[in-house]
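Below is one structure; the comments refer to it alone.
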Amino acid sequence: MNPTLSRAIALALATLPLVAPLSSEAATYEARVRLQGLSPAATPVAGPSVSTSTKSLPFGNVNVGATSDPLSVLISNVGSAPFTFSSAVSVSGAEFSATSNCGSTLAAGASCSASVRFAPSDSGSFSGSLTISGDSANSPLVVSLSGTGIGTSTADLDTTSLSFSSTKVNATSTQTVRLTNNGTASLGILSAAALSGSPLFSKSTDSCGASLPAGAHCDVTVQFAPTSTTPASGTLTFDTSAGTKTVSLSGAGQLLANTVGALSLPAATTTTGSFTLTAPTSSSAGAWSYSSSNTSVATVSGSTVTIVGAGTTTITATQAATSTYEGASTSSTLTVTQAFPAGYLSAGGLTWAPAGTTPMTLAQASTYCSNLVVNGTTGWRLPVKSETDALRNTHSAETLRNSGWPAATWSWIWVNSYYNGSNMWVYAVDLSSVNHASNPDSTKLNYSYTPPGATSFVGCVRAQ
């Protein structure tokens, strides 16, 4: 090359724009073009031939989530024929992107450029390549790309403790812990979330993989399966590149609700004696115990009820708790009625003793009733007129006759109410042998009066 041409090429090179360095061949040819024929003796490469201004684009450090300034590559056809691109200028590597002003062909001696950017999605080193493909002998040309993403990661838990306080025995319940990376770089998960402590805790799901991208989260679901009410504890541990994170676990099984049926009690009188209780139906196998609220009516020993006297008492059946079920109880009212011999009737809330067969004066009749004791009961007295009205309206003469009242045609009993100042009411019942069952009309029940010194039969009453 002669000295004049060398100086011209140097001058042309000095006027080139500041881009990535050109190869020696491209630089020489570019200078020749700018000189517009200064060197008629210079001959371009035969056919199409492309060159790039650099073989690599290093982007250095770029913050995760940010995008670098563009770096450009000059693409020149230093051949003697047009260069046809077989595809668009392309890049590999997800963190790199490129744009180009190159068309489908590049004329001999012409240039175009590609602009590349680096946008790291995570921390660490990344590499890629810019590829120019076409019909030249030296195709494809590859420019290597490199860059480093810089940033930090976090391991943030939505809770530091899980309490399983309402799980029933032999049932299961679950709660979820969320791990979030609020940093700008990927979080490394060094090992799967691990459980320690009570074996009653287990993992039912775990969506955390080997890493967690910036801004992402994953979940671990913990299951608790208590077999008793004994308290249990454990720890869930996350081992990450941002440190170890733990969640404390606690729980205790709750007893199952116990559903019991009704306590069945028989009808009882003062002559019943005793009877055995049948345990109510229950979902538990717990032991039963029984009690009586009024021991003057009935007492309980084990499952045996002993009748003491007339009245009411509450019998309560109590079932003890088990390792699975809660305790429970149920109650029923036991009514013990006073037992009387045959012939005693009820009317108007009173018990009526059959009329005695021996006529007495009013005074004798009153004494007789107050001294009367029937099956241990006392408190007997003569009825008043309104009470005999209740007997009259409740029972027929036939019923009274069949209940053992005196068999005289008219059985008059004393009524402890004055008819007037000197006479007392007496109550008459027709107890003849005529059967009044089909016609118990009121004419067979009648009132009259007589002096207290006269004699009549005695019918005593007492409160039920």
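The values are calculated or read from the model by the stated rules, or taken from the named source; none is laboratory data. Since the model is a prediction, treat every value here as computed from it, not as a measurement. Because the Cβ atoms are built from the backbone with ideal geometry, glycine has one as well, and the counts that use them run over all protein chains shown. Note: areas computed on protein heavy atoms with side chains; ligands, DNA, RNA excluded. Shrake-Rupley method; radii C 1.70, N 1.55, O 1.52, S 1.80 Å.
Summary of computed values
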| read-out | value |
| --- | --- |
| Dipole-positive endmost among VAL73, LEU212, SER165 within the chain (Cβ charges, Cα centre) | SER165 |
| Contact order normalised by residue count of segment 45-166, Cα under 8 Å, 6+ apart, percent | 32 |
| Distance between modelled label sites at SER303 and ALA81, nm, 7 Å Cα→Cβ extension | 11.1 |
| nm² value of the averaged projected area, convex hull over the Cα atoms of the chain | 46.2 |
| Assigned charges on the beta-carbon of Lys, Arg, Asp, Glu; the chain dipole about Cα centre (debye) | 480 |
| Table column - 3J(HN,Hα) (Hz), segment 213-221, Karplus curve with 6.51, -1.76, 1.60, x for Gly and Pro | x, 4, x, 9, 9, 9, 10, 10, 9 |
| Extension gain (nm, one decimal) between ASN170 and ALA107, 0.36 nm per residue minus Cα-Cα | 14.5 nm |
| On Cα atoms only, tilt of 385-394 relative to the major axis of the chain in degrees | 70 |
| Gained length - SER233 relative to PHE275, 0.36 nm times residue gap less alpha-carbon distance | 10.1 nm |
| Gap separating the Cα centres of segment 119-163 and segment 280-323, nearest whole Å | 80 |
| Dimensions (Å) - segment 158-297, Cα atoms, principal axes, largest first | 90, 21, 20 |
| Cα pair distances exceeding 14 angstrom across segment 315-371, given as percent | 74 |
| Accessible-area value, ASP239, 1.4 Å probe, nucleic acids and ligands omitted, Å² | 60 |
| The chain: relative contact order in percent, alpha carbon pairs under 8 Å with at least 6 residues between | 9 |
| Accessible surface of HIS217 - all protein chains present, 1.4 Å probe, nearest 10 Å² | 90 |
| ³J(HN,Hα), Karplus 6.51/-1.76/1.60, whole Hz, each residue of segment 245-258, x for Gly, Pro | 10, 10, 10, 7, 10, 8, x, 8, x, 9, 5, 6, 5, 9 |
| On Cα atoms only, tilt of 24-34 relative to the major axis of the chain in degrees | 70 |
| Karplus (6.51, -1.76, 1.60) ³J(HN,Hα), θ = phi - 60°, over segment 104-120, in Hz, Gly and Pro reported as x | 8, 9, 10, 5, 4, x, 9, 9, 9, 9, 10, 10, 10, 10, 10, 9, x |
| Exposure rank, largest accessible area first [MET360, MET424; 1.4 Å] | MET360, MET424 |
| Most to least accessible of VAL89, VAL222 (protein chains only, probe 1.4 Å) | VAL89, VAL222 |
| Accessible-area value, TRP412, 1.4 Å probe, nucleic acids and ligands omitted, Å² | 80 |
| Alpha-carbon spread of segment 242-323, three principal axes, descending order, Å | 84, 21, 17 |
| Cβ-based charge dipole, the chain, positive-most Cα from THR84, GLY379, ASN420 | ASN420 |
| Share antiparallel - DSSP beta bridges, the chain, percent rounded to 5 | 85 |
| Between 0 and 90°, nearest 10: helix 3-14 axis offset from the chain longest Cα axis | 20 |
| Under-5 Å amide H pairs with TRP380, H placed in peptide plane, nonlocal only | LEU372 |
